[in-house]
Structures are given as structure tokens and as C-alpha cells.
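Report on the structure given below.
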Amino acid sequence: MPNKIVVLGAGVSGLTTAYLLSQDPDNQITVLAKHMPGDYDIEYASPWAGANYMPVGKQGSNHHAWERDTWPALKEITEKYPEAGIHFLGMTPNTIEINEHALIISSDAIIYNRKKDQESATGKWFSELVQPNPWYKDVVPDFRDIPESQLASEIDNGQIFTSVCINTAVYLPWLVGQCTKNGAVFKRAVFKHIADAADAHHSGQKADVIVNCTGLSSKFLGGVLDENLLPARGQIVVVRNDPGPMIGLSGTDDGEDEALYIMTRAAGGGTILGGSYQKHNWDPLPDPNLANRIMKRAIAIAPQLVKEGQGIEGLDIIRHGVGLRPLREGGPRVEKDEVAGVKIVHNYGHGGFGYQASFGCAGTAVSLVKQVLQNKTRAKL
Ligand code: FAD
């Protein structure tokens, strides 16, 4: 008898979990979701992400382990499957001088820290990322400190390493393709109560387990109603201009919940200019004043975005966007549960790190699904 599994949600969390589960031929998987790759909606965080790998989990936490365990998977996909829409930032040599032994490096992700940002919302979010000597220096390739002599006067420390940037418009459909190739079935559905999803497995039989990957919507989903969830609103501008490296700064002088990051997506996905980290803000509409500040800050830190002498009029805008990061007080919920007699494994609440922790969290969720299924088999014996 195959294992009948429902994955509820088709964002990066649901798709990555379904992808790993679908590698076991004993699993018969239905992915059910209100939104699917191709949709752009304020209730659907995944398409709006940059998305890059910039670890923020506190050393020694589950979050740290999930991000650490995700890098090898993203690296492997980037190397083996160019059609997945992920590229290294960047493998073309550039000319940043690091020391007399390494005049040319292959890494292109640059992080700057200003100590004065450490108490702001953005500074706290980035605190692990920007600190000198972070844990991820042993995970990503080519990690280097930027010599003090090469830092602008307001920067306290900086580092360079190799990271990835994901074109979510290509990567999410690629995940759907991998799952369907392995036999998973995708269906649109909307549920008011989580237990109802057990009756929607494509076999027509009741599912043995539901994996709940509904992100921020778990705040309102019957049977879950998680009050620890909150939005961290992220506003972005997507442009055709290409700055070269991916750049992030610990904060801005424009507001304590505003952010500055720039990344160019793989496969013609444009360059994302960010951003903001506005907790408890549900506004789905781009704020034009914030958009202006985002663009000005981007040009100030990366003047090569536009031609010499140009300001924001030199940016070629593809679209403005807003996404709500599914932040959860206490961290993501990846655990077993039972609701109205239905076995559940939760995997939601990944804030601004859903991609960079995707394989780590999905791996934990898959282990929990296996435990549920083993107990089911034992109960039948
Ligand atoms: P979602 O993508 O929100 O998916 C939820 C799914 O559940 C959807 O399919 C939805 O339709 C479905 N659903 C919900 N409720 C129901 C229901 N009742 N019935 C049926 N279906 C339902 N992360 C990174 O790692 N790196 C980055 O660089 C990065 N940048 C970001 C930039 C911005 C501007 C934003 C907004 C986010 C960024 N993130 C980044 C965070 C990342 O996007 C999220 O953590 C991630 O997308 C969450 O994915 P998810 O699958 O859990 O939720």
C-alpha cells in the first residue's frame, strides 16, 4: 500500500518538501494549494523573494542547522541543473583586491556592516549575517574579510563570499516539474480547516498525513490558528539594470525597518532592489515614496547600476512588488501534530529565509513524515 500524503501549499516550503518526499516511490503525493507557481498574490510569499543565500540563523539554533544543511543542495542544483534558474554570484572573476595572494576572486556576494544599525529591526534580522567571523564562513566558498583599508568610512566591517541567486519565476516551476516527473499530482484547492485536506488526496482515499506548508496563512487556517505568525513586509523594485555583485548592508539611515540589498537573478530574471522589513504591516500596495528611497539607496551603494551622472531616472523598471515574509515568533514550526484525528507535519513560518533554509526544513519535515508512517504501519500489525 503506498503512503498517501497531502502537501498543503505550493510555495518553496511545500514544493521542496514534496520534491524530497517524491523521491521515495512508496509515497503517493497530492500537492494542494490556493496559489501555484505563476501566480503573484499578497498571500503567496515565494514568488516575491530575491532570492539568495545570506544566512541569518543564530549560531547553535535549529535555524542555523537548516541553513547550513540547505547550502549543499542549492549548490548541487546550481551545478547540475542550469534549467532550475539558480546561478552563483558570480563565477566570473572580478578584480576586487583581497590581499597580495588573491588578487582575483570568484565570489561576488558582498556584505557590509555598520555597528550603528544593530538595534534596528533590519540590523537585528541581519545580525548573524553581518558580524565578523560568522558560522557560515565554513559553509560558503571563498569567504574573505574585506580589508579595513578598502571599506568606506561609515562601514565597520565587510565580507565577500560566493552565494547563489534564485530566479523564483524559473525555480518554482522547475520544482513542480521534478515533483510531477516523480508522480506527484498538483491540484488547486482552498481549505478553511486543515483536517479537510485529508479528504482531497487524488487516490480518493483519506491521506495518512498532511504536511502543512501554508506559510503566513497558518495564522487563519482552522485547526492551526497560529498567533505567533506575523508579516514582515518586503517591498522591492525589479529593474533591467545589472550592477554585477550582490550587495547587502546592515541597515539604512532612512528608517529602522528599511533595508538595502541588491541581487541579479539567474536566467534574465532582472535585478531585485530591496527593500524593507516592516513587521505587522499587511499593506499589499507598493509605497511610491519607499520605492524612491529604495532606488536612491541602491544607486548610492552601487553607482554602476546607472550611467555616469544618472540618478533613478537611469533605472529601467520592470515592476514594483510587495511580499509578506511569514515571520514566526520563536522560529519556524517544523513538528508533528494531530488535528481532528488527522496526522499533520507542520513546516511553516520561515520569515525572510524560506529559500536558504528550504532543504534543511524540508529534510526535517520528511523525517517527521517517516515517523508518522512508521507508527501507522505498527498500529496495523
Ligand atoms: P508561501 O510561499 O506563502 O506559500 C504558501 C502556500 O500555501 C501557497 O501555495 C498558498 O496558496 C497555500 N495556502 C495557504 N493557505 C491555504 C489554504 N487555506 N488552502 C489552500 N492553500 C493554501 N527567503 C530567502 O531564503 N532568501 C531571500 O533572498 C528572500 N528574499 C525575500 C524577499 C521578499 C521581498 C520576501 C517577501 C520574502 C523573501 N524571502 C527570502 C522569504 C521567502 O520568500 C519565504 O520565507 C518563503 O517564500 C515562504 O514560503 P512558503 O512556501 O512557506 O509560503
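Bear in mind that the values in this text are calculations on the coordinates, not laboratory data. These numbers were taken from a predicted model, which means no experiment stands behind them. In this analysis, Cβ positions are derived from the backbone assuming ideal geometry, glycine residues included, and neighbour counts consider all displayed protein chains.
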Neighbours of Trp48 by Cβ distance under 10 Å: Lys/Arg at +1, Asp/Glu at -1, summed charge 0
For His280 and Tyr81 in the same chain, what is the full-extension length gain: residue separation times 0.36 nm, less their Cα-Cα distance, in nm? 67.9 nm
Going 7 Å from the Cα of Gln304 along its beta-carbon direction, which residues of segment 243-286 have the amide nitrogen within less than 16 Å of the resulting point? 243-248, 262-265, 271-272
Exposure proxy check on Arg293, Arg319: fewest-to-most Cβ neighbours within 10 Å is Arg319, Arg293
Under the Karplus relation 6.51 cos²θ - 1.76 cosθ + 1.60, θ = phi - 60°, what is the ordered set of whole-Hz ³J(HN,Hα) values for segment 154-159, x standing for Gly and Pro? 7, 9, 8, 7, x, 9
Give the lysines reachable from Lys115 as a straight Cα distance under 18 Å; neighbours fewer than 8 places away on the same chain don't count. Lys58, Lys124
Integer Hz, Karplus 6.51/-1.76/1.60 couplings in order for segment 351-360, x for Gly and Pro: x, x, 9, x, 7, 6, 10, 4, 6, x
The lysines whose Cα lies under 18 Å from the Cα of Lys75, excluding any fewer than 8 residues away in the same chain, are Lys137
May I ask for the distance between the Cα centers of segment 146-219 and segment 249-313, given as a whole number of Å? 23
How far, in nm, would the chain grow between Lys115 and Tyr40 when pulled straight, counting 0.36 nm per residue and subtracting the alpha carbon separation? 23.4 nm
Looking only at lysines whose Cα falls under 18 Å of Lys376's and that sit 8 or more positions away or on another chain, we get Lys4, Lys206, Lys336, Lys343
What FRET efficiency, computed as 1/(1 + (r/R0)^6) with R0 = 56 Å and r the Cβ-Cβ distance, is obtained for Asp142 and Gln205, rounded to the nearest 0.05? 0.65
For the Gln150, Asn182 Cβ pair and Förster radius 51 Å, calculated FRET efficiency rounded to 0.05 is 0.60
Sequence of Cys179, Cys361 once ranked by neighbouring C-beta atoms within 10 Å, starting from the fewest: Cys179, Cys361
Net charge near His35, counting Lys/Arg +1 and Asp/Glu -1 over other residues with Cβ under 11 Å of its Cβ? -1
At 0.36 nm per residue, minus the direct Cα-Cα distance, what do Asp242 and Asp24 gain on full extension? Give it in nm, one decimal, please. 74.4 nm
Can you give the local net charge around His64? Use residues other than it whose beta-carbon is closer than 15 angstrom to its beta-carbon, Lys and Arg +1, Asp and Glu -1. -1
